[in-house]
Structure formats: C-alpha cells, structure tokens
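**Q** Okay, here's the structure, questions in a sec.
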Amino acid sequence: MSSNSAFSMLTKKFPSLESFLLLVSRHASHLARQRYDVIVVGGGHAGTEAAAAASRVGAQTLLVTQKIKTIGALSCNPSLGGVGKGHLVKEVDALDGICGRAGDWAGIHFSILNRRKGPAVWGPRAQLDRQRYRQFIQSELLSTPGLTILEGSVEELLVTEPNPEEHGQHKVTGIRLAGGSLPISAGSVVLTTGTFLSGSLFMGQTTSPGGRIGDAPSSTGMSYTLRERLGLKLGRLRTGTPPRIVKSSVDFHEATLHPPDSQPSPFSFLNTHTHCKPEEQLPCFLTFTNPGVDNVVRESVHLNCHIQQDTKGPRYCPSIESRVLRFPGRRHQVWLEPEGMTSDLIYPQGLSMTMPPDIQLRLIREIPALRRAEIQTPGYGVQYDFVCPTQLSPALQVKSTQGLFLAGQINGTTGYEEAAAQGLWAGVNAARAALSMPTMALSRTNSYIGVLIDDLVTRGVTEPYRMFTSRAEFRTSLRPDNADLRLTLKGFEEVGCVSSMRYKGTVRVRDSLQEAIAALQDVSMSIINWRHKLPHVPISETKTGILTGSELLQYNDVSFETLAAVFPECLSAYREFAQRLKIEAVYRPLCIYQQKEMERIQKEESMSLPQDLDYFSLPVSLSQEVREILDRVRPTTLGAATRLQGITPAAIVNLFNYVRHSDRKLKRMQRS
Ligand code: FAD
C-alpha cells in the first residue's frame, strides 16, 4: 500500500488520528512487558526513522516516546532540505526512509536552492505545513508492520557490568520507564533524545527544565547512566528558536516576495509530483534587520541569561543577539515563512532570540514589515547534554556498550535531516545486531550519510554539526539526482532496509539509464554533420573528427530533447530520463577521473611514505587536522594512511600525488 493511501485509509477509519494513536498506545502498554529486538527511545526525527528502519530490516521494534502526539514534531523551523541537507533527505528516501515522502505530502513551498551552481550541489528544499508533516509521519509509523508504539518516558537504561570475555564491554539489556513499571528487555536500544537530555530552557532571566517548550526534559537518570555507569564523555550544547508571529499582523508589502519554483520537485524517488499543486503553493518574504534592532539587543543583554553565558552562540542558526554582538552594524536577513497552509502563523527565520518576551516584541517591531506584529509564542533557548560522538563506531554503536546505538541531536548534530539520516542508519544497525547480523558502515565515497557519520565518529564536534556540500570530497558523484542508484540497490541487496517494490523500480531506472547512455554513445556523427544539424551549438572551430551523442550532451546548449529530435528512433524512448541523462553526461568525465584516481591509489597501497616528511609544511591541500594526525601517527605506507581515522579520501589523493611527484623529481635529479 502506498503511504498516501495508508494515510487516507487511516483518517477515514479514525476521524481523529490522535484518538487512534491513544488506542494504539494502550494496546502497546499491554505488550510492553515482552521482549523486543529493538527499542527506540524518542519519537523525533532520528527516532521515527530508526524505528521504521529497524522494522523494515525485520526486527520486532518498540518506539517509546514521551508524547505520541508530538511524534514527528518540527521543534523549530517548518522546513525540510536545503543545501547539503536536501542531499540527506534524498538519501534517506533512497534507503526507503520516511522524511522525503512526508516532505512531499506536507510541502507548501518548494524550491531548489543553489540553482546557479551545478546540479551536484543543488539543494532541494520545502517549506512545510507542520501539522500535515506530523500526521504523515504518525500514519506511516502506525502502518509499519512489526512496530509497536508506546507513550512513556524512559527513566533508565539497563546495562550489564563490563564483561572481560566481551572485550570489557558493557551490554545493553533494555529500559525502564518512569513510574516504576517493569523493565522491558531488548537486544538493541537506540537513544534519540534530541535536545531533551538534561535539557534547560532559557527566556530572559528565567531558566526552567525542559527539552522543548511544553515538554519535560529527559530524566537525569539517563545522563547519569551514560556518564557514570558507561563512562561516556558528555558535553553541553545550546540552540534557540524565534518567536512565532501572527500572520495577519505582518505588513508583507514592506518585504520582498520570494515565490516558490513554478514546478515543485518532489524529494522522494517514488513520487512524480507533490501533494500541493504548483498554483496552491504559498510564498515566502525577505526583510532585514536594522540599527534599531541592534540597539534593542545591546540595551537588553543584561536581561538575557542565555546570551550572557555565551555571546558567540552556535555557528549555524545563531541567535539574533549573537549576530548583532559579533557583527555590529551589519544588517541580517529575516525570512518570513508560512507555518502551514491554513496556519495564521509566520516563522521569522533569522530572529532566534532569548530575551524577555516584552523586549522580543520591541525588537521585532523595529522592522518595518513587523511594525504592527503580534507574537503568538515567544522565542527561547535550550541547553542540553550530548554524547561526544567519537565514542561511537561507524555503525553508530557506542564502542564500549554492545547493542547501544545513538542518533540525532544527542550526537551533537543540529537539524531534522541530520537526525533522520543518523536515525535510519542506527535503526538498521540496531536491528542487524539484534538479529545476529554484522553491523554495516556507509562510506564517504557512496553517500552524504557516510560523510556525516564519518565526520562525527572520527572528528567529533565542538559545536552543533550541520551538513554542507563542502564536507563531501566526492560531491560530483554524490548528487541528489542519483541517490537511488547509489543507495537503493545496496539498501535492498546488502542492508535489507528497502522494499522489493522500491528496489524493482530502481532496477528499471538503472537499466533504462544504462540503455539510454549506450544509445547516446551509438548516435555519433562527424563534427561537420553535427554543426550542420545543430548550428546553435558552439563546437570549437579547431575540433575535428567524430562526436558521440554523450559528448555533445556535455555542451551547455544541448539538452537531451535536442538530441532526441535529431535521432527520434534511437532516443525518444528515454525522454522521461532527460534531466538525469543531461546531469549524468555533464559529470561523467569527472566521475570517471575520480574513480580512476581512487583505483590507482588502491593499487599503490604499498607505496612508502618518507618518514622525515614535514606534514605541517607540505605544499598540498591538507586540513590542519589531517596534518596533525599524519604527523602524530607517521604511517609508513599509503595503505596505512588510508586506514587512519579522520584521513579523508581527498587528503589521500593529494598526499599520493605529492609523494609520487617528489619521487619522480628525485629520480630525475639522480639521473642528471
Ligand atoms: P527531537 O526531534 O528533539 O526528538 C527527541 C524526542 O525524544 C522527542 O520526541 C522527545 O519527547 C523524546 N524523548 C526525549 N527523552 C525521552 C525519554 N527519556 N523517554 C522517551 N522519549 C524521550 N535545528 C536546526 O536545524 N536549526 C535550528 O535553529 C534549531 N533550533 C532549535 C531550537 C529549539 C528550541 C529546539 C528544541 C530545537 C532546535 N533545532 C534546530 C533542532 C531540531 O529540532 C533538531 O535538530 C531535531 O529535532 C533533532 O531531532 P532528534 O530526533 O535528534 O530529536
């Protein structure tokens, strides 16, 4: 059954979805005394993907979350995707995750960011209807076979003492809920507690315990077990959210209109169109801060304990206070974004703040478009514990504790997409471990999820981590358009988290693309003939010989349609893949080059690395961190360097080229 039909079936059967959820919760509490293969703690973005993925792999799974009605809640911004983050959504979808389809269902304004750059770094993004998003995720989980949902707060993680026969590791055995209930046992537990682990909320000079406004924090017992019993290193991070503004009180004519794309592009490879029709989409608006805003911030610092503790704030999504204090006199963007199709609220992205509510109102009214604005809910800040992620394996399992997996904000990341991506992978591995299958890792060369996890477990975080395309060394091959070819086949054949329906669809796409690429190679002509057929294409005057259709498709002015018009009998069958074929043709030479480089390096594994290399002054592109690792470890061969944690494939390529070049230079000097 498709997810959309599952949704309509449920809403017809149960007029109030929440009433149905409560029913399920009661049912689940009966079952809760049983043993599960996997228990997922937390129903946020990481937890929902983890629970669904573990069930898809075949594990009997229990999702325990504080409030069923907040499953899939968007704590902060009502949007999904963007530059780098959009890649993660496409990859989660390619592995049969939920968030991409939820975005297609709930999106009310779709746009591809970064269009001026190449398609490899385009950022699919959608403004979401909060309620629809939550409902889709809830209905999807309810129709997931093998998944039980239970409302409750996990008070304690049950673990064994370290076992000398198991490399001195602890082992997780289950959980205990608040309220003194019986323990629930499991083979694996996935913790996805978000901003709730020992969470505190900040507004003005007031601090209160909480994981999100209206929600209690996770019990201190959980932090205690992680820190004291398992000996894990925990840190403290902070983030914040803006006030929500009443839509009817905004003067939109004082801001600049930003329309959506005229043709919304779905996130999911299963969808050909979005639920929202192109003409129904809502616009966003852009405005800016001004010196009046700066004055309010400066005058109220003494009333704002969140900003007094740390004026810098997180680098990504910083508060307006930290922006003004760090960059005095600069104007900052404020995006006015709709919170839903029928919602009377506006989310002012860029105005996250923690000052007292009356001062928040004074501040926003300094902006002309918000001169009459009314605040529905004030902004606030949150501080929470996170577990330093270098203590995890690439499967997202805690190295010192068998069967314990962590995903999402608890690992020091920020954002729904980063949480969803980790959640899916932790859920897959928790299920595999519980079902006695080996855990698995994704690589930096096959996915942004691989990049994200590798960055976390090898480098750790000092501030909330978010995804950017610049973090991926192989971005020309890790594109949003080909996430299905990179991951769906692997997800079905090796991992076991992809349905056969999706798999068959991707096999058809792969075969058709291969046929189309072969057909493009076959349609070749002399350059003279191409010039005659397509006079508008600027083929260099000096070029002679034969050109294939594939080569011609690399030209800016040539689309697949152009070629299909010249060779309709060979190419018109592949029109539905026109855009993918164009992108493939443009990036193919670079991807082949990169692939060859990696293969060459694999063959040269035994290449010696000089032991007197001064890594800090090597004239090649290596990050400071990579230089420090190489200097500390001093690997003797290229292969040994490849296996070091924290050494990126790009660094290996650069090191390889440098050593090979120096060797040749030395040999030349010895000869002369
Ligand atoms: P969450 O979505 O927070 O979900 C955690 C879930 O775990 C909740 O459902 C909670 O009820 C449940 N839970 C916790 N403890 C227990 C327990 N003991 N037992 C049972 N259930 C439990 N992201 C950005 O990208 N940009 C921002 O500017 C930004 N600002 C934010 C501001 C605020 C105030 C907050 C709260 C979050 C903000 N975020 C922001 C973060 C964004 O919400 C998270 O990145 C994302 O939701 C993380 O997903 P998660 O699944 O890790 O955790």
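The values are calculated or read from the model by the stated rules, or taken from the named source; none is laboratory data. Here the structure is a predicted model, which means the values were calculated and not measured. Every residue, glycine as well, gets a Cβ built from its backbone with ideal geometry; the counts of neighbours run over all protein chains shown. Keep in mind that these areas ignore ligands, DNA and RNA; they rest on the heavy atoms of the full protein, side chains included. Shrake-Rupley method; radii C 1.70, N 1.55, O 1.52, S 1.80 Å.
**Q** Just one of N271, N290 is closer than 24 Å to R362 by Cα and more than 15 Å from the ligand (Cβ to nearest atom); which is it?
**A** Checking each option against the conditions leaves just N290.
**Q** Can you give me the number of residues within the range 239-268 that are within 16 Å of the ligand (Cβ to nearest atom) and either over 23 Å from S352 (Cα atoms) or of a type in the set (G, A, S) (or both)?
**A** 1
**Q** Would you point out the residue of the range 233-260, among those that are touching a Lys or Arg at 6+ places or on another chain (Cβ under 9 Å) and not in a strand (DSSP E or B), that is surrounded by the fewest Cβ atoms within 10 Å (Cβ to Cβ)?
**A** Looking at the filtered set, the residue picked out is K233.
**Q** Collect the residues in the range 359-398 that are out of contact with any Lys or Arg (no Cβ under 6 Å at 6 or more places or on another chain), open to solvent by 20 Å² or more (accessible area, probe 1.4 Å) and over 26 Å from G43 (Cβ atoms), keeping them in residue-number order.
**A** L361, R362, E366, P368, R372, E374, I375, T390
**Q** Can you name the residue in the range 336-358 that is open to solvent by 60 Å² or more (accessible area, probe 1.4 Å) and touching a Ser or Thr at 6+ places or on another chain (Cβ under 9 Å) and is also farthest from V296 (Cα to Cα) among such residues?
**A** Among them, the one singled out is D344.
**Q** Return yes when R134 is within 19 Å of Q66 (Cα to Cα), part of a strand (DSSP E or B) and open to solvent by 40 Å² or more (accessible area, probe 1.4 Å) and no when it is not.
**A** The answer is no for R134.
**Q** Take the conditions surrounded by 14 or more Cβ atoms within 10 Å (Cβ to Cβ), in contact (Cβ under 8 Å) with a residue 12 or more places away in the chain and out of contact with any Ser or Thr (no Cβ under 8 Å at 6 or more places or on another chain) and apply them to Y574. Does it pass?
**A** So Y574 does not fit the description; no.
**Q** Output the residue which, of all residues in the range 399-410 that are more than 8 Å from the ligand (Cβ to nearest atom) and at negative phi, is most open to solvent (accessible area, probe 1.4 Å).
**A** Once the filter is applied, the top-ranked residue is K399.
**Q** Quick one: which residue in G240, G235 is small (G, A, S), under 27 Å from R212 (Cα atoms) and touching a His at 6+ places or on another chain (Cβ under 8 Å)?
**A** Within the list G240, G235, the selection yields G240.
**Q** Still on this model: Any idea which of (1) open to solvent by 10 Å² or more (accessible area, probe 1.4 Å); (2) assigned to a loop (DSSP other than H, G, I, E, B); (3) in contact with a helix residue (DSSP H, G or I) (Cβ under 9 Å, 6 or more places away or on another chain) is the one I112 doesn't satisfy?
**A** (2)
**Q** For D96, work out the one condition from (1) of a type in the set (D, E); (2) touching a Ser or Thr at 6+ places or on another chain (Cβ under 7 Å); (3) surrounded by fewer than 24 Cβ atoms within 10 Å (Cβ to Cβ) it doesn't fulfil.
**A** Exception for D96: condition (3).
**Q** Restricting to the range 448-463, what's the tally of residues that are within 16 Å of the ligand (Cβ to nearest atom) and buried (at least 21 other Cβ atoms within 10 Å of the Cβ)?
**A** 5
**Q** Right, here's the next one. Just the residues that are among the hydroxyl-bearing types (S, T, Y) and more than 16 Å from the ligand (Cβ to nearest atom), please, taken from the range 156-210.
**A** T160, T173, S185, S188, listed by residue number.
**Q** Return the residue satisfying two criteria in turn: it lies in the range 210-232 and is open to solvent by 40 Å² or more (accessible area, probe 1.4 Å) and of a type in the set (A, V, I, L, M), and of such residues it is modelled with the lowest pLDDT.
**A** So the residue we want is A216.
**Q** Please return the ranges of strands (runs of 3 or more DSSP E) entirely within the range 166-209 where 1 or more residues are open to solvent by less than 40 Å² (accessible area, probe 1.4 Å) and not assigned by TED's automatic domain parsing to the domain that holds V301.
**A** Passing ranges, in order: 170-177, 184-191, 200-203.
**Q** Just to be sure I understand, how many residues within the range 581-597 are without any contact (Cβ under 8 Å) to a residue 40 or more places away in the chain, under 16 Å from Q521 (Cβ atoms) and either in contact with a His (Cβ under 8 Å, 6 or more places away or on another chain) or open to solvent by 50 Å² or more (accessible area, probe 1.4 Å) (or both)?
**A** Count: 3.
**Q** Scan the range 183-198 and report the pairs whose first residue is within 13 Å of S153 (Cα to Cα) and whose second residue is of a type in the set (K, R) and more than 8 Å from the ligand (Cβ to nearest atom), with Cβ atoms within less than 6 Å and a gap of 6+ or a chain change.
**A** Final answer for the pair search is P183/R176.
**Q** Which fully enclosed helices (runs of 4 or more DSSP H) of the range 475-580 have 1 or more residues being over 27 Å from G123 (Cβ atoms) and in contact with a helix residue (DSSP H, G or I) (Cβ under 6 Å, 6 or more places away or on another chain)?
**A** Hits in the range 475-580: 500-522, 527-533, 549-553, 560-566, 568-571.
**Q** While we're looking at this one, here's another question. Answer with yes or no whether S111 is within 16 Å of the ligand (Cβ to nearest atom) and either on the phi > 0 side of the Ramachandran plot or among the hydroxyl-bearing types (S, T, Y) (or both).
**A** So S111 fails the test.
**Q** Continuing with the same structure: Evaluate the following for Y347: is it at pLDDT below 95 and either within 16 Å of the ligand (Cβ to nearest atom) or in a helix (DSSP H, G or I) (or both)?
**A** Taking the combined requirement at face value, the residue does not satisfy it.
**Q** Give the residue that is modelled with the highest pLDDT, with candidates limited to residues of the range 440-457 that are out of contact with any helix residue (DSSP H, G or I) (no Cβ under 7 Å at 6 or more places or on another chain) and either basic (K, R) or not in a loop (DSSP other than H, G, I, E, B) (or both).
**A** Ranking the candidates gives G450 first.
**Q** Here is a follow-up. Consider P124 carefully, then state whether it is outside any loop (DSSP other than H, G, I, E, B) and away from the ligand (no atom under 15 Å from the Cβ).
**A** Yes: the conditions hold for P124.
**Q** Separate question: Being small (G, A, S), within 11 Å of the ligand (Cβ to nearest atom) and assigned to a strand (DSSP E or B) is true for just one of G423, G381. Which residue is that?
**A** Just one listed residue meets the conditions, G381.
**Q** Then there's this: Can you name every residue in the range 613-661 that is part of a helix (DSSP H, G or I), under 25 Å from S393 (Cβ atoms) and touching a residue at least 40 places away in the same chain (Cβ under 8 Å)?
**A** The answer is E625, T642, P649, A650, I652.
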